[in-house]
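No lab work stands behind these numbers, since they all come straight from the coordinates. These numbers were taken from a predicted model, which means no experiment stands behind them. Note: ideal-geometry Cβ built from the backbone for every residue, glycine included; neighbour counts use all protein chains shown.
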Amino acid sequence: MSKLAIHGGTPVRTKDFAEWPIFDQLEEKLLLQALRSGKWGGTGQANSPEFNNLIEQFERDFAELHQAKYAVSCVNGTIAITAALQAADVKPGDEVIMPPYTFIATASAALAYGAIPVFVDIEENTLQIDPDAVERAITPRTKAIVAVHIAGAPARMDRLLDIASRHDLRLIEDSAQAVGASFAGRPVGAIGDVGTFSFQSSKNLNCGEGGVIVTNDPEIWEKAWSVCNVGRIPNGAWYQHERIGQNYRLTELQAAILLAQMTRLEQQMAVREKNAALLDQLLSRNEAFRVVQATEGTTRHAYHLYMLRIAPNAADYIEKNDFIRKINAEGIPISYGYVPLHQNSAILDSIEQWTGERREYSCPVCERLCQREALWLHQTVMLGDEQAMHDIADALDKVASSYR
Ligand SMILES: *Cc1c(COP(=O)(O)O)cnc(C)c1O
């Protein structure tokens, strides 16, 4: 057995993975076009009819990509969730069921205005929100479910749609990690009542910072637009404000980058899918690991993350943090991933401030997977070449076998 890099052995890999972000003359051309148009922000007109409105064009193209009737662009994926919840009529004090295995923004977007997150456990094999746990957590105060398509794999949308309709709840899709993903042939985002995406730097579609809300419901679209446009209404007068909204608008410069980035999405998705299939195959040979399954019904996985698990019995002798340090030393940027949100004291404090009660949540599957099993490779790593995938699998095999 070869000596581990952490103990002075030769690392499996010394080469970098793919670069990020990726751009070329198209971004440069569209950015210059936005600059010269004189319309830099989210309102007003270009100073000459030769320039098109890039925000409008982006919203049209993105809505089409996700088979939604409407898209409202905004400053980021967190605000997109807040605006989507408000547009779906979720009021302060209303309970919103969500998974604890997600970025903090899913919960903080609700808590920003006093909607109350209720955390339910995830499924062991997929790490997605568990529909049975959702159903058990419904109370008379429940108003909505937030399905998070974690890693870029869809949550179990058929079951969640059914639960939402039987209990008259709104279904919101936090699709920040899932641009291009689909469930039963339908792109995520507008399968439920309303969905949101993020274009923050690390996301698969990136303009530095940015977000979008998609829906098929004209009423939700109008409210989301209004929340993001200081309470104005579409086609209303400039100083006509029908509700309290904020200025959450995207800029033309960001839309320019997004339009260019969208032209590469399909090709990048194909690379990640091919690499993920290879990794699935390489990892399934080693009993120390479990491949994380996509939800049954998944027709496309966006692989914002490639998630894998240390097998439950292997986790008795492979300590997660120790394992990560050893893999990193082999030149593979594997990461720890989320810590359970339902145990985050800032969130529990905020819930207490809004409700006056200290809540406790028990999500044992999430806790165990976070502490012992779940590992991540980021989407940029998944843009690497075939050799990169072999290096990842070799490093995992090498380090795992060192524990025996
Ligand atoms: C990135 C992310 C967000 C927040 O998006 P920002 O653009 O960073 O505000 C929300 N939810 C999930 C699941 C995310 O991954």
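A few points about this structure:
- Helical content alone sets the calculated 222 nm signal of the chain at -11000 deg cm²/dmol, taking -39,500 (n - 2.57) per DSSP H segment of four or more residues and averaging over every residue.
- Straight-line reach from Lys320: taking Cα to Cα under 19 Å and skipping same-chain neighbours fewer than 8 places apart, the lysines in range are Lys398.
- Distance between modelled label sites at Asp322 and Gln281, nm, 7 Å Cα→Cβ extension: 3.4 nm
- In terms of distances greater than 32 angstrom between alpha carbons, the cross-link table entries Lys15/Lys39; Lys69/Lys143; Lys143/Lys203; Lys143/Lys274; Lys29/Lys223; Lys203/Lys326 yield Lys15/Lys39; Lys143/Lys274; Lys29/Lys223.
- Cα convex hull volume per residue for the stretch 134-251 (Å³): 124 Å³
- Applying 1/(1 + (r/R0)^6) with r as the Cβ-Cβ distance of Lys15 and Glu56 and R0 = 56 angstrom yields a FRET efficiency of 0.85.
- Residues Asn125 and Val271, FRET efficiency given R0 of 41 Å [Cβ-Cβ distance, rounded to 0.05]: 0.95
- Legend: translational diffusion of the chain by Stokes-Einstein, Rh = Kirkwood radius over C-alpha pairs, 4 °C, 1.567 mPa s; D = 59 µm²/s.
- Annotation for the stretch 121-138 versus the stretch 180-212: alpha-carbon center distance of 21 Å.
- Virtual spin-label span in nm between Ile104 and Leu26, 7 Å along Cα→Cβ: 3.6 nm
- Burial order of peptide ranges 197-204, 383-390 (average beta-carbon count within 10 Å, highest first): 197-204, 383-390
- Among 372-380, 76-84, 12-20, the order from most to least packed when residues are scored by Cβ within 10 Å on average: 76-84, 372-380, 12-20
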